[in-house]
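Trainee: Below you will find the structure I want to go over with you.
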Amino acid sequence: MPPPPHIKPENVLKRAQELIAVGQTQAALTVLHEHVTSKRTRNSPIASLEPVMLLFVELCVDLRKGKSAKDGLYQYKNIAQNSNVGTIEMVLKKFIDLAEQKVTEAQARADEVQSSLETSTTTANVEDLDAIETPETILLATVSGEQSKDRTDRAIVTPWLKFLWETYRTVLEILKNNARLEIMYQSTALQAFQFCLKYARKTEFRRLCELLRNHVTNAAKYSQQMHAINLNDPDTLQRHLDTRFQQLNVAVELELWQEAFRSVDDIHLLLNASKRPAKNVTMANYYEKLTRIFLVSDNFLFHAAAWSRYYNLLRQSAAAVAAGQSSKKDNPATSESEMTKAASFVLLSALSIPVISTSRSRGALMSVDEARKNKNTKLTNLLSMPSPPTRAVLLKDALSKGLLSRARPEIRDLYNILEVDFHPLSICKKISPILSQIGSDPDMEKYVLPLQQVILTRLFQQLSQVYESVELGFVYNLAQFPEPFQVSPAMIEKFIMNGCKKGDLAIRLDHVSGILTFDADVFSSAKALHAGSAAGSAEGEVGSVQRLQNTPAEIARSQLTRLAKTLHITCMYVDPEYNASRLAAQQAVLARAAAGAEKEHEETLSRRAIIEKKKELASDALIKRQREEETRKRRRVQQAAEAERQRLIDEHRERERKRLKDQQDQIKRKEIEKQLDELKASGKGFSLDDMNIDELDSSTIRAMKLAQLEKDNRERDERVRITAKRVDHLERAFRREEIKHLPEDYERQRQHDLEVYERTKAETLKEAEVKHKEGLALKHRLERLVGPYDRFKSELNERRHEEFERRRKVAEREFENKKRQRIQEVREKKHRERMERQETERRKREEEERVAREAEEKAAKEEERKRVMAEQKAAKEAERAKNDEIARKQQQREAEAEARRLARKADAAAAPAPPPFTRGSIPTRGAAAAMSERTDSNERPARLQLAGQGGGTWRERLAAKEAGHGTSPSPAAEEAPPRRAGGYVPPALRDGGRSSSRGAQDGHDVRPPPRDTTPKPATSPTNNVGNNTASSSDGPKGGRWVPPHLRKKD
C-alpha cells in the first residue's frame, strides 16, 4: 500500500523548499528530519528519497545539527544498504564536502578579521574540540573586550572545526563493519587523518586511532553478521594496512610517539594476519618510522636494529629491481646516495648503542627483568627478527654486509677508532673532528650524546689496561670534546659512578688526593674487567676492546691452566714414549669405540624404546593425575562456590535483618526526635539536654507533652487575665481623656467636609457643561449625514431584498429537483431491493429442492446397499450351513475309521509275529500291516504339525508324548477332539484320509525308516486316524501300489 500523499518524499521536499524560501530553515529541517526518521519512509523508493537526503544534510550543515544528521544518515543507511550502496556514498560525500567547505569559509572570515594571522596556526591553541568553553575562556571573555587571535578563532573557526570532526566521526560510525561500504570507509579515514594533520589536532587524532582500533576489534567479533567485512580477504586486509600506514605517518608528523607505537603494533598484527606479503616500499616506510620512534624513546639498540632492517630491505629491493623480479614503483629508491646514507646511519646507530648496561643495578628485581624481557621480545617481533639484537651482533652483521665500504669516511674512521684501534691517550682528540662533522649534520646530530657515552666507556676501559691509577685532572684533559659538545667534570664523575653501579667499571675516586684508581685486586670479579660482560650490557661478547696484557686477576685465575699447558708441551718434546702412549691410548679408544658401536647402537635403540614407553606411561600417569586433579579441583571449586553462595545468602539475610532493624530504629528515633522537637518548639524553657533519646519511649514523651500542654494552658490563662485587666484600665483612661477633645474635633471635621463638597460640586458642574457643548457640536456636524445615510440604507435594503428573492427562487427550484431526484432514487432502490429479495427467495427454494433431492437419492442408495448386504449375508449363511454339513459327515467318517483301526489293532495283537524283513523280499499284506503298526508306534519319524492337521494344544502333545513310552492308548484316550463346525478342512482329512497313507500301502518300494531311539511327540489323533484308514483300506493284492483315485471307496 503506497504512503499517504502528505508523507510522500516529493511532497516533503516541496514543503521544505517552501519553508526555506520564507526563511524558516529550522522548520524545514524539522520536517525533513521527521520524514527521514519515520518508519513509513522505509517503503519509499530510493530515487525519490535521495533528493530529500541531500537537502537534509545541507540544512544540517548550515545549522550545525550533527545529532540530527547522524540520526537521518543511520536511517538512510538501513534503507538503502541492501539495494543501492552508491546513493549512501554520494550522500555521505556531500555531507563531508559541505562541512569542509564551511570550515574553509570560516577560515576566510577569520582571515578578514585578523589578516595578520597565519592559516596554519589558527587552531593550535585549542586543546580539545569537544571542550571548547573552559572556565578560563569564560572569565577571559568577561573581563576582556579586545579582539585577539584566539578569541577570533574560537568564535569563528573552532565551532566549524568541531562540526567537521563530528562529521568524520559520524561517517566512520555509519560505514563501519560493512563490506559494501568499505572503500568509502577507508577514504573517509584518510580524510580524517589529513584533517588532524592540517589543523594539528592531536587530541582528535588519538580519539580517531582508538575509534578505528575498536572498529577492527568489533569487525572480528561480529564477522557472522550480514555484509560484515572479512579480515581474511587479502584486499580488505591490504586496505586496512594502507590506512594504518597513513595513520603511522600522521602520528610521526604530529610527534605523537605513543600513538605511533600503537599504530606500529596494529600494523604488525595485520601483517601477521595477511596472506599477501607487503610491498617493499611500504615496509621501508614502516622501518623508517620505527627508527624515529625508537630514537625518540632513547632505545638506541632497537633503533640500530630498525636501521639494519631498513638497509637489508633496500638491498633486497635493489637486487629485485636489477633482476627484473619487481617494479620500481613497489620498491623504495635505491640510488647510490640513498644506499650510502642508509649504510652510514646503520653503522653510526650501531656505534651509538651504549656499552654500559641501561638496567637498574646488579641486584635488579626479577619482576623488572621479566618485564624488560617481555618488552624486548615484543620489540623483536615488531622488527621480525628471530632473536633480540645485541651491539656486537649488529656490528658483526654490518661488517659482513660490507657497510664500511659504503659508509661515509668519517663514520668509517669513527668505527676504527672505537672498535679497532687502541689509543687511550688520544681517543678523544681523534674523535673530536668526527664529532664536529656529525654535529654539523642535522640528521646525525642526535647521535652525539650517546656517542659521548661510548667514547667515555672506551676511554676508561683502555686506561684500565695501561694504568693502575691516574690523576683526575689528567682524565679531565683526556676527555675533551668540541665546544658545542663539551662535558663537565661532574658529568664525567656521574658517568663513572653509573658504570660502577652497573658493574661495567671497577674504579675508585679519591677527591682528597685527586686520584682515580682502577681496581687491581687479584681476587676481584672479572665482570668489571671485561667490557660488555655485564648481565644487562648492550655488548654480548668479551674482548670487544683490544688488550695489551692480562690483568693480575686474570693471571692469578689462569696460572694453573698455563702450568698444565706448559708441562704438556714439555713432555711432548722431551719424552717420546709420552707421545706414543698418547697415540696408543687414542688408538685403543678408537678401537673400543668401533667394537662397541653396534652394541651401543642397539642399546640406544632399546633405550629409546624404553624411554618412549616410559614417556607414554608417564604421559598417561600425568594425564590421569591431571584428570584426577581437575576432578578434585572442580569439586573443590564447586564446594567453595556452594560455601560462598551459602555465605553470601547468610550475609544477605544478616544484612537484610540488620537493615530492617536499623530502619525500624531510625524511624522510631526520628519519630521521637520529631516529638521532642515539637516539645522544644512549643515549650518555653523546656530543656532536653539532660535526656537520653535512646531511653525515651512514646508513653514518656506523651506524658511530657501532656504536662507541657497543661503548663502552657495555665500560663496562657494567666497572661490573658493580666492583659485583659491592663487593657481595661488603659481603655478607661483613654476615654476619659478623649471626652475633653470631642467638640473641637467635630467642628474641625465638619469644616473640612464642607470644603470638599463645594470643590467637588464646582468641578462636576464644569465637566457637565463642557460635555454638553461638545455633544451639541457633534450633533450639528452629523445632522448633514442623516439624509444620505437614509437613502443609502434604503437602497441597500432593496438590493439585498432582490438578491434574497432571487436566491430563494433558485434554492426552491434546486430543492424541487433534488426532491424529485430523491423520490426517483427511493423508488428505484425499493424496486431493486424487491428484485433482490425475490432472487434470494428463488435461490433459497432451489437450494432446498436440491438438498431434498440429494437426501432422497442418498436414502435410495442406502436402501440398495442394505439390500445387497442382506443378500450377501444370506449367501454366506447358506454356504456356512453347507460347510457345517460337510464337516459333520467328515467327522462321522473319521469316527467309523477310528473304530475299524481299533478293531484291526486288536486283531494284530492276537496274530503271530511276522517274519524278518529283508531288502530283497517283497512285503506281504501282513507285513504291510505290521509296518503300518510300527509306523503307528512311537518309533516312526515325527510328522510336521501343519496348520489344520489338528495338532492340539501343548498339554495334549505332552500327554501324547508320555503315553508313547507306555502301553498303547486306550480307545477313550485315542478319541479325537471335537472339531469346530464349518471352516477349512485339510486335504489329508478329506475322503476318509486315504491320500495320507500312500507310503504304508506301497509295499514293494517302501523302505522302513531308520529307528530313532529318541522319544517323538505323539501324532495327532487326526493323523493316526488317517493312517489307520489307509492301512485298513482294500489295497491291491500282491503289494502293487494303486493311485488314490482308483481305490475302492467306502
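The values are calculated or read from the model by the stated rules, or taken from the named source; none is laboratory data. Model, not experiment: these values are computed from the prediction. Methodologically, a virtual Cβ is constructed for each residue, glycine included, from the backbone with ideal geometry; neighbour enumeration extends over all protein chains shown. Side chains are part of the model used for accessible areas, which takes the heavy atoms of the whole protein and leaves out ligands, DNA and RNA. Shrake-Rupley method; radii C 1.70, N 1.55, O 1.52, S 1.80 Å.
Trainee: Considering only the range 214-323, give the helices (runs of 4 or more DSSP H) lying wholly within it that have at least 3 residues that are aromatic (Phe, Trp, Tyr).
Mentor: Counting at least 3 such residues, we get 280-296, 300-323.
Trainee: OK, next. Only helices (runs of 4 or more DSSP H) wholly contained in the range 1-87 count here; list those with 2 or more residues that are more than 24 Å from Arg169 (Cβ to Cβ).
Mentor: 9-21, 25-36, 46-63
Trainee: Residues being buried (at least 18 other Cβ atoms within 10 Å of the Cβ) and farther than 15 Å from Leu54 by Cα: count how many of those fall in the range 86-102.
Mentor: Of the residues in that region, 1 qualify.
Trainee: Further question: Among Thr291, Thr282, which is the only one that is open to solvent by less than 60 Å² (accessible area, probe 1.4 Å) and modelled with pLDDT of 80 or more?
Mentor: Being open to solvent by less than 60 Å² (accessible area, probe 1.4 Å) and modelled with pLDDT of 80 or more holds for just one of Thr291, Thr282, which is Thr291.
Trainee: Okay, moving on. Among (1) in contact with a Leu (Cβ under 9 Å, 6 or more places away or on another chain); (2) open to solvent by 60 Å² or more (accessible area, probe 1.4 Å); (3) closer than 26 Å to Tyr287 by Cβ; (4) not aromatic (Phe, Trp, Tyr), where does Lys162 come up short?
Mentor: With (1) in contact with a Leu (Cβ under 9 Å, 6 or more places away or on another chain); (2) open to solvent by 60 Å² or more (accessible area, probe 1.4 Å); (3) closer than 26 Å to Tyr287 by Cβ; (4) not aromatic (Phe, Trp, Tyr) applied to Lys162, the lone miss is (3).
Trainee: Can you name the number of the only condition in (1) surrounded by fewer than 16 Cβ atoms within 10 Å (Cβ to Cβ); (2) at pLDDT 80 or above; (3) not β-branched (Val, Ile, Thr) that Asn232 fails?
Mentor: (2)
Trainee: In the set Arg276, Arg360, Arg315, which member is modelled with pLDDT of 80 or more, farther than 18 Å from Asp443 by Cα and either open to solvent by 20 Å² or more (accessible area, probe 1.4 Å) or touching a helix residue (DSSP H, G or I) at 6+ places or on another chain (Cβ under 9 Å) (or both)?
Mentor: Arg315
Trainee: Out of curiosity, is Thr760 open to solvent by less than 80 Å² (accessible area, probe 1.4 Å), modelled with pLDDT of 90 or more and either closer than 26 Å to Asp677 by Cβ or not aromatic (Phe, Trp, Tyr) (or both)?
Mentor: Spelling it out, Thr760 is indeed open to solvent by less than 80 Å² (accessible area, probe 1.4 Å), modelled with pLDDT of 90 or more and either closer than 26 Å to Asp677 by Cβ or not aromatic (Phe, Trp, Tyr) (or both).
Trainee: Also, I was wondering about something else. Taking the criterion of being open to solvent by 20 Å² or more (accessible area, probe 1.4 Å), under 13 Å from Leu348 (Cβ atoms), in contact with a Gly (Cβ under 9 Å, 6 or more places away or on another chain) and not aliphatic (A, V, I, L, M), would at least one residue in the range 411-434 satisfy it?
Mentor: Looking through the range 411-434, none of the residues is open to solvent by 20 Å² or more (accessible area, probe 1.4 Å), under 13 Å from Leu348 (Cβ atoms), in contact with a Gly (Cβ under 9 Å, 6 or more places away or on another chain) and not aliphatic (A, V, I, L, M).
Trainee: Yes or no: Lys494 modelled with pLDDT of 80 or more, farther than 22 Å from His511 by Cα and open to solvent by 40 Å² or more (accessible area, probe 1.4 Å)?
Mentor: So Lys494 does not fit the description; no.
Trainee: Condition (residue is in contact (Cβ under 8 Å) with a residue 12 or more places away in the chain and either polar (S, T, N, Q) or open to solvent by 100 Å² or more (accessible area, probe 1.4 Å) (or both)) applied to the range 869-880: is it met by at least one residue?
Mentor: Yes, the range 869-880 has at least one match.
Trainee: What about Ala392, is it in contact with a Leu (Cβ under 6 Å, 6 or more places away or on another chain) and either open to solvent by less than 50 Å² (accessible area, probe 1.4 Å) or under 30 Å from Leu478 (Cα atoms) (or both)?
Mentor: Spelling it out, it is not the case that Ala392 is in contact with a Leu (Cβ under 6 Å, 6 or more places away or on another chain) and either open to solvent by less than 50 Å² (accessible area, probe 1.4 Å) or under 30 Å from Leu478 (Cα atoms) (or both).
Trainee: Take the range 452-504 and flag every residue that is assigned to a helix (DSSP H, G or I), more than 60 Å from the chain's Cα centre (by Cα) and not hydrophobic (A, V, I, L, M, F, W, C).
Mentor: Within the range 452-504, Gln462, Ser464, Gln465, Gly473, Tyr476, Asn477, Glu483, Pro489 meet the criteria.
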